[in-house]
Amino acid sequence: MKKRLAAFAGIFTLLVACHGSNTDDVKGNDMHETALPGPVTELYKAVRLYPDSNNLRLQLAYILDSLGMAGQAVKQMDTVVTRDSTNYKLWLNRGSIAEDAKDTLKAMESYAKALHIYESPDGLLDLANLYAETKNPRALLICARVKDMGLGREYDASAAFISGVYYARTHNKNAALTMFNDCIANNYTYMEAYIEKGLVYFDSKQYDSALTVFNFAGQVNNLYADAYYYQGRCYEMLNKKDSAIMRFKQSLSLDKTLTEAQFHLKTLGAE
């Protein structure tokens, strides 16, 4: 996902102080390097041999992130952006990796740095998404700004979705539903919008209404595992055990990493 800067100066001034440090040292024993795949250990060796190579550090950061080692990947990105602090894309990438590391503050700071260099709609939406998840009303300001850019239905859908997330997290049910419907109207394959819309009903204990939304999501994309998982949750709450088990198994057949589905199957005595 992815103005006047004066209008949004307040959004970014709180985030511009960089708290990353230059981590030039790459210590194999700290990283349990021997337990890593061979190509990764070779890349570590290359970074130690050529510590000034941002390209090698970027490769290492991306690989570590893909291996679920986002915290270590962020350390590499800290060094990269320190050496090339005016590169917009590097700050965006640091923000994305920081999100994977669940470091929300560093992710926000990274996106804000990127936006000071170049105010892209994708960067704005990345930052707005974090604001929405943390119940910060600045999310709405940024989404309105992106919509005013007139970039088309794809961006309008993303802006509406993030606005809906903000309203959902702040328990404004009607506004959340309006925004998720707006998102779907602009992009009917925006699957996350169906899930969030259904969860608004689910959290209000309107399980039949939630099930209707999740069922429709499964029709829009019959390979979308989350649709079946949440159908299962609705059936579970409606005391329809057999239907719940069937949906949980269906979701697992599409995504074997859905540990939540495994948990509910065990709870229902189906494992």
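The values are calculated or read from the model by the stated rules, or taken from the named source; none is laboratory data. As the structure is a prediction and not an experimental result, all values here were calculated from the model. Note that each Cβ is placed from the backbone with ideal geometry, even for glycine, and that neighbours are counted across all protein chains shown. Ligands, DNA and RNA are excluded from the accessible area calculation, which covers all protein heavy atoms including side chains. Shrake-Rupley method; radii C 1.70, N 1.55, O 1.52, S 1.80 Å.
Residues that are over 22 Å from the mean Cα position of the chain (by Cα) and surrounded by fewer than 16 Cβ atoms within 10 Å (Cβ to Cβ) within the stretch 222-239 comprise N222, M237, L238, N239, listed in sequence order.
Considering the stretch 79-127 alone, what residues qualify as being more than 20 Å from the chain's Cα centre (by Cα) and farther than 19 Å from S158 by Cβ? Scanning the stretch 79-127 gives T79, V80, V81, T82, R83, D84, S85, T86, N87, H116, I117.
Test G95 against the stated conditions and say whether it is assigned to a helix (DSSP H, G or I), touching an Asp or Glu at 6+ places or on another chain (Cβ under 9 Å), buried (at least 16 other Cβ atoms within 10 Å of the Cβ) and at pLDDT 95 or above. Criteria met by G95. Taking each residue of the stretch 242-270 that is under 11 Å from Y230 (Cα atoms) and modelled with pLDDT of 95 or more and looking for partners that are among the hydrophobic types (A, V, I, L, M, F, W, C) and part of a loop (DSSP other than H, G, I, E, B) with beta-carbon atoms closer than 7 Å, six or more apart or interchain, yields A244/L268; S251/L258.
Looking only at the stretch 222-269, residues that are on the phi > 0 side of the Ramachandran plot and among the charged types (D, E, K, R) come to 0 in all. Residues in the stretch 191-221 that are open to solvent by 30 Å² or more (accessible area, probe 1.4 Å) and either at positive phi or of a type in the set (S, T, Y) (or both): Y201, S204, K205, Y207, S209, T212. Within the stretch 85-115, the residues that satisfy the criterion of being touching a helix residue (DSSP H, G or I) at 6+ places or on another chain (Cβ under 6 Å) and acidic (D, E) are E99, D100. Of all residue pairs spaced 6 or more apart or on separate chains, those with beta-carbon atoms under 7 Å, a first member in the stretch 52-73 that is assigned to a helix (DSSP H, G or I) and a second member that is open to solvent by 40 Å² or more (accessible area, probe 1.4 Å) and aromatic (F, W, Y) are L56/Y50.
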